[in-house]
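The values are calculated or read from the model by the stated rules, or taken from the named source; none is laboratory data. Computed from a predicted structure; not experimentally measured. Here the Cβ positions follow ideal geometry from the backbone for every residue, glycine too, while neighbour counts run over all protein chains shown.
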Amino acid sequence: MPIRFYEEEKLFKLDTPGSTAVLQIYDEGYLLGLYYGAPIPDMHFDNFTFRDYFASFCPRNENLRDRFFSPDVFPIEYSGFGTGDFRPAAVAIRNADGNDCTDFRYESYVIRPGKPKLEGLPATYVTDERDAETLEITMLDRTTGAAAILSYTVFETESVIARSVRIENRSERPMDIEKVSSVSLNLPDADYDFIHLWGRWAAERNLQRTPLRHGQQSVSSVRGSSSHFHNPFAALARRGADEDHGEVYGVNLVYSGNFDITVDVDSYETLRLNAGIAPAGFLWHLLPGESFQTPEAVTVFTTDGLGEMSRIFHRLYLHNLIRGRYKTERRPVLINAWEGCFFDFDDEKMVSFAARAAEMGFEMLVMDDGWFGHRDGDDSSLGDWFVYKDKIRGGLGPMIERIRALGLKFGIWFEPEMISPDSKLYQAHPDWCLRVPGRPNSIARNQYVLDMTREDVRDNIFEQMRKILSENDIAYVKWDFNRNLTEAGSACLPAERGEEIFHRFVLGTYSLLERLLAEFPDLLIEGCSGGGGRFDPGMLYYTPQIWTSDNTDPIERLAIQFGTSLCYPASAMGAHVAKCPRTGYETKGNIALWGTFGCELDPNTLTEEEKTIIRGQVADYHRFYDLLHYGDLYRVTTPFENAFRCAWEMVSPDKREMLFTNVTMRFSHNRKYIVRFKGLNPALTYRLEETGEEFSGAFLMNAGLNLGCYPFGDGESFRLYFTADR
Ligand code: GLA
């Protein structure tokens, strides 16, 4: 079994195919995180080194015989605030006496097959109980009666531990959770680089790598959503670790709201990483008998570099996070009308888009923003989810019928969590948006945010959406979210629960998504937030694809897609061919083929030649669908390291197929370009489709090919397709 408890040593050992974690119940019930790293098959548990000296100014627990023990220097697995560990606490709870001293000690454990659901929250799952095992350790603060149930799930096939924590109030008095991490990781040295993904609107998920230093480094969001600005992801990579080699720890929160990931390096060069809901703006009032469930944190460990870390995340999300019909079924190739017409359209234009798109092989037309209320710009009608009859003159039904008759499915845009001041909904319910007493509401993109914590608000939006979706033949919804939260208050929350608003908002959104999917299980939902402003595993649980960025410039897309690929699979990245003239259509298509391929333009404006190219790309997408969606990604040359070109491979799980794509971002006179391919089977013979030449996998990976003969002008690109006989 992957999880074992050794009674005598009081040790838990968690084994994944690529990692081992060891926890120990120490004297006085302290739980120590002794080890997390490369697999250790043997049992020399006595020799685990942690600091065996008592440092000055480190407090002691007088009950302990071990006078060297201090909670301040030992690897406390889930450390509380104010009780002897001065490093950043994993958890802090303010008790009814008015202090926030928190100290959890071991009570009991249970190991169970499978993986329990997390109430109200997205999380990784298994469909067969034999595919995972879960350890739950109950910790208790014996002074306050707070309990923390630490949960660890080990998957049979991947080097992943999924972790979360449930806090229970087992006392007779209320308490307030000030901070609660989903994972707290202690490592005995700090010789790592901190890697994270930062960005902004239209420039999401740039990779940054900096050496750890003493003190704290963190990434966070207090915007009410995971945001464009930081992704809820961080990695610790051994100095010198690269794409293909070296130890890497990856942490990704399955959460779409405020988060914080902090790494602290203390004065003894040990490190602690805490990840979870951002403590800023968070205070959860917990009554006797109540419990609080944290979001899940997925931790990955590998000795094979960042590339393998990404592939582990990808496989886990493909098989154990994404759900529903489109987990396995092919997704329709879509054309989205937004960049082709913005708000300027009517039913005739939509049908004409569909007619041209059908000629190129597209399978679905998505009508974006502007079909509802009286929306002619971004300044009205959010919340009024009924058809704008001046635009869609005969109503949705007849227009969709005409589009269906052309052989296309139909998709539609919603922004369910928002409300325009200029809307019927706002006139009827001005109290339904987030606001705080005595303060004017900030406006962003001319809109306010609905109070998703309220059931009546969610019911109203659900009923409006249900009407549209049940009365019409709609296969797809683009679920947008175009601003962040300010003046976040709810008319329905009492003052002592005021700071629960951010998390309750996210729970409200999740419950609306869940309800919609329960009612329309075949619906494909694509997530979106001004492009990729809410691109996280939490949303992926409901929306198997997410619009990666509003930036459709193909060259700028490269960095965005490379960064996104650090943890998210290709099938999750909405990637469209658009009008941006920076490159020709071949290159636009080659870049869009990395994700869920689609198109975002007015097809009436395309020349015959452009249409022919796009028709070929749609066909290629079908041809390579399985390879692109379920294959393993190898980043060969990344735009974060090379200003001139970038390249990536998709390799089929059986290693008999490989598609290599290269894009020249900037011309260089250096025609020598030797690529040593990755991820192949050295013993197989591969045939390069374009030339018919044959090479062994060993040759391709070790000697490589000089690709200097292929197109290398500004914005040019090429693909190489290799196959090995079956
Ligand atoms: C956001 C999305 C776009 C488009 C517009 C519509 O910016 O990212 O793709 O849907 O909203 O207003």
Log entry, pairs with first residue in the stretch 359-385 being farther than 12 Å from L334 by Cβ and in contact (Cβ under 8 Å) with a residue 60 or more places away in the chain, second being within 11 Å of the ligand (Cβ to nearest atom) and in a strand (DSSP E or B), beta carbons closer than 6 Å, six or more apart or on different chains, reads D369/W413; L382/M418; L382/Q447
Expected output for the stretch 419-442 (first residue more than 19 Å from N484 (Cα to Cα) and among the aliphatic types (A, V, I, L, M), partner assigned to a helix (DSSP H, G or I) and modelled with pLDDT of 95 or more, Cβ below 8 Å, 6+ apart or cross-chain) is L425/W432; L425/N460
query: Does W413 fit the bill of being farther than 26 Å from T612 by Cα, within 16 Å of the ligand (Cβ to nearest atom) and touching a helix residue (DSSP H, G or I) at 6+ places or on another chain (Cβ under 7 Å)?
result: no
message = Being surrounded by fewer than 22 Cβ atoms within 10 Å (Cβ to Cβ), within 20 Å of N336 (Cα to Cα) and under 24 Å from the mean Cα position of the chain (by Cα) is the requirement here; does Y630 meet it?
response = no
Inside the stretch 480-500, the number of residues satisfying the requirement of being within 16 Å of the ligand (Cβ to nearest atom) and over 26 Å from S529 (Cα atoms) is 0
Of T153, T127, T138, the only residue that is without any contact (Cβ under 8 Å) to a residue 40 or more places away in the chain, surrounded by 24 or more Cβ atoms within 10 Å (Cβ to Cβ) and farther than 29 Å from G215 by Cβ is T153
Picked from the stretch 149-163 (must be in a strand (DSSP E or B) and in contact with a Leu (Cβ under 6 Å, 6 or more places away or on another chain)), the residue farthest from G114 (Cα to Cα) is V160
All conditions in (1) touching a Lys or Arg at 6+ places or on another chain (Cβ under 9 Å); (2) within 16 Å of the ligand (Cβ to nearest atom) are true of T453 except (2)
In this structure, does F362 turn out to be surrounded by fewer than 17 Cβ atoms within 10 Å (Cβ to Cβ), away from the ligand (no atom under 16 Å from the Cβ) and of a type in the set (F, W, Y)?
no
| Being part of a loop (DSSP other than H, G, I, E, B) and within 16 Å of the ligand (Cβ to nearest atom), is that true of even one residue in the stretch 269-290? | no
If you go through A202, A234, A190, A162, the only one that is at pLDDT 95 or above, buried (at least 18 other Cβ atoms within 10 Å of the Cβ) and over 25 Å from E296 (Cβ atoms) is A190
* For the stretch 322-345, does any single residue satisfy the condition of being more than 23 Å from Q545 (Cα to Cα), outside any strand (DSSP E or B) and either touching a strand residue (DSSP E or B) at 6+ places or on another chain (Cβ under 8 Å) or more than 15 Å from the ligand (Cβ to nearest atom) (or both)? -> yes
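Scan the stretch 108-124 residue by residue and report those that are part of a strand (DSSP E or B) and in contact with a Lys or Arg (Cβ under 9 Å, 6 or more places away or on another chain). Write out each step before concluding.
Initial filter on the stretch 108-124 (part of a strand (DSSP E or B)): 108-113.
Result: I111, P113.
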S227 passes all but one of the listed conditions (1) in contact (Cβ under 8 Å) with a residue 40 or more places away in the chain; (2) under 23 Å from the mean Cα position of the chain (by Cα); (3) at negative phi; the exception is number (3)
Just one listed residue, out of T607, T596, T564, is surrounded by fewer than 24 Cβ atoms within 10 Å (Cβ to Cβ), at pLDDT 95 or above and of a type in the set (S, T, N, Q), and it is T607
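Quick grid of which residues meet (1) at pLDDT 95 or above; (2) more than 23 Å from Y249 (Cα to Cα); (3) surrounded by 20 or more Cβ atoms within 10 Å (Cβ to Cβ):
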residue: T16; (1), (2), (3): yes, no, yes
residue: A21; (1), (2), (3): yes, no, yes
residue: Y30; (1), (2), (3): yes, yes, yes
residue: P39; (1), (2), (3): yes, no, no
residue: D42; (1), (2), (3): no, no, no
residue: D46; (1), (2), (3): no, yes, no
residue: F50; (1), (2), (3): no, no, no
residue: F57; (1), (2), (3): no, yes, no
Exactly one of Y476, Y448 is over 21 Å from F282 (Cα atoms), among the aromatic types (F, W, Y) and touching a Leu at 6+ places or on another chain (Cβ under 6 Å), and that residue is Y476
Exactly one of W371, W385 is within 14 Å of the ligand (Cβ to nearest atom), among the aromatic types (F, W, Y) and crowded, with 21+ Cβ neighbours inside 10 Å, and that one is W371
Scanning the stretch 190-228 for residues that are out of contact with any Gly (no Cβ under 8 Å at 6 or more places or on another chain) and among the aromatic types (F, W, Y), the one farthest from G250 (Cα to Cα) turns out to be W198
Scanning the stretch 241-277 for residues that are more than 30 Å from F502 (Cβ to Cβ) and small (G, A, S), the one surrounded by the fewest Cβ atoms within 10 Å (Cβ to Cβ) turns out to be S267
S352 passes all but one of the listed conditions (1) away from the ligand (no atom under 16 Å from the Cβ); (2) of a type outside the set (D, E, K, R); (3) touching a residue at least 60 places away in the same chain (Cβ under 8 Å); (4) surrounded by 21 or more Cβ atoms within 10 Å (Cβ to Cβ); the exception is number (4)
Is it the case, given these coordinates, that E600 is more than 22 Å from the chain's Cα centre (by Cα), within 16 Å of the ligand (Cβ to nearest atom), among the acidic types (D, E) and under 30 Å from S470 (Cβ atoms)? yes
Of those in the stretch 501-542 that are of a type in the set (F, W, Y) and more than 16 Å from the ligand (Cβ to nearest atom), the residue nearest to P279 (Cα to Cα) is F502
Within the stretch 653-706, residues hydroxyl-bearing (S, T, Y), surrounded by 17 or more Cβ atoms within 10 Å (Cβ to Cβ) and part of a loop (DSSP other than H, G, I, E, B) come out as Y673
